[in-house]
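Before any comments, here is the structure.
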Amino acid sequence: MQVLTTVAAVRAARAGLGDLGLVPTMGYLHDGHLSLVAQAKGECSAVAASIFVNPTQFGPNEDLSRYPRDVPRDLALLEAAGVDLVFTPEPAQMYPAGFDASIVVGGVTGRLEGAVRPGHFAGVATVVAKLFNIVQPTRAYFGQKDAQQSVVIRKLVRDLDIPVEIVVAPTVREADGLALSSRNSYLTPAQRVAAPRLFQALSAGQRLFDGGERNADILRNTMRAMIEGEPAMQIDYISVADPLTLQELSTVEQQALVSGAVRLGATRLIDNVILGEPPA
Ligand code: PAF
């Protein structure tokens, strides 16, 4: 496995790699990341991963300085998973002095996470576009847990004609339903016990829908009430939205992205489920 830290070195190595899958990460890897690597290995002749805690996607009061990091462990996991190339740049490699560009994807970034975290998706879109330009993957792999991020990245590649196929893989969960996330490491033991409540609420919304309920307010109110039953949890939003535009729905006709963001102390958790079948 090649571990490279400069744009020039990645460009040189990429030339020999053929059909390449990229798994972009901010490190502190868990089984969710490794499932993306496994899927990429099954679909591409070579796999690259990036490890970069991207400062531009963190707001001024967010957790950039305390974001968990363990690059030696990450490299051992990626090597064991059969990754061919890892790009681990320093911030100055990605954002050299004088760096001034930013990619703003409109529309879908104004809602949900974008409303609570202004500027977050400009940071994500910019770094992902840079990673695509540097690594030039055939396919790039993202997790469904960050549903809005996947919508933004699909729009980014479509609107800017970036020749990368975006693959979104299912969320990997703990046995009690909690979606795997590097930020779960922040949770105290008591918060960890409370944390599955978000997925339990989303699953209750799913069951109501499966039972025939189509009124989005009833779904939202049911999920909100379940979360409000957990005193340690504060709701940022509970949403029943169109999966492509992310606009809130009044009725679920065909498909909906049901997503939520909550706070447990200083830790923010997000999760989602998809209701219904995609349009034929
Ligand atoms: O999902 C993440 O880990 C990050 O947002 C990404 C896509 C690696 C960009 O920094």
From the Cα centre of the stretch 162-207 to that of the stretch 48-80, the distance in Å is 18 Å
Whole-Å distance linking the alpha carbon centroid of the stretch 133-157 with that of the stretch 1-32 is 15 Å
Quick calc, the stretch 40-197, dipole around Cα centre from Cβ unit charges on Lys, Arg (+) and Asp, Glu (-), nearest 20 debye, gives 420 debye
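Over all directions, how big on average is the projection of the convex hull of the alpha-carbon atoms in the stretch 64-126, in square nanometres?
The directionally averaged projection comes out at 6.4 nm².
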Taking only C-alpha positions in the stretch 222-280, Rg and Dmax in angstrom work out to 12.9, 43
Restricting to Cα pairs under 8 Å and 6 or more apart, the percent relative contact order of the chain works out to 17 percent
Checked against the positive end of the charge dipole of the chain (+1 on Cβ of Lys and Arg, -1 on Cβ of Asp and Glu, about the Cα centre), the farthest of GLY177, THR88, HIS30 is THR88
Given a Förster distance of 45 Å, the FRET efficiency implied by the Cβ-Cβ spacing of ALA12 and ARG224, rounded to the nearest 0.05, works out to 0.30
Shape descriptor, the chain: equivalent ellipsoid semi-axes (Cα gyration tensor, sqrt 5λ, whole Å, largest first) stand at 32, 21, 18
Cα-based Rg/(2.2 N^0.38 Å) for the stretch 16-56, rounded to two decimals, is 1.22
Along principal axes, largest first, the alpha-carbon spread of the stretch 84-185 in whole Å comes out as 46, 37, 27
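Since every read-out is calculated from the coordinates, none of them should be taken as a lab result. Fair warning: this is a prediction, and the values are worked out from it, not measured in the lab. Every residue, glycine among them, receives a Cβ derived from its backbone with ideal geometry; neighbour counts consider all protein chains shown.
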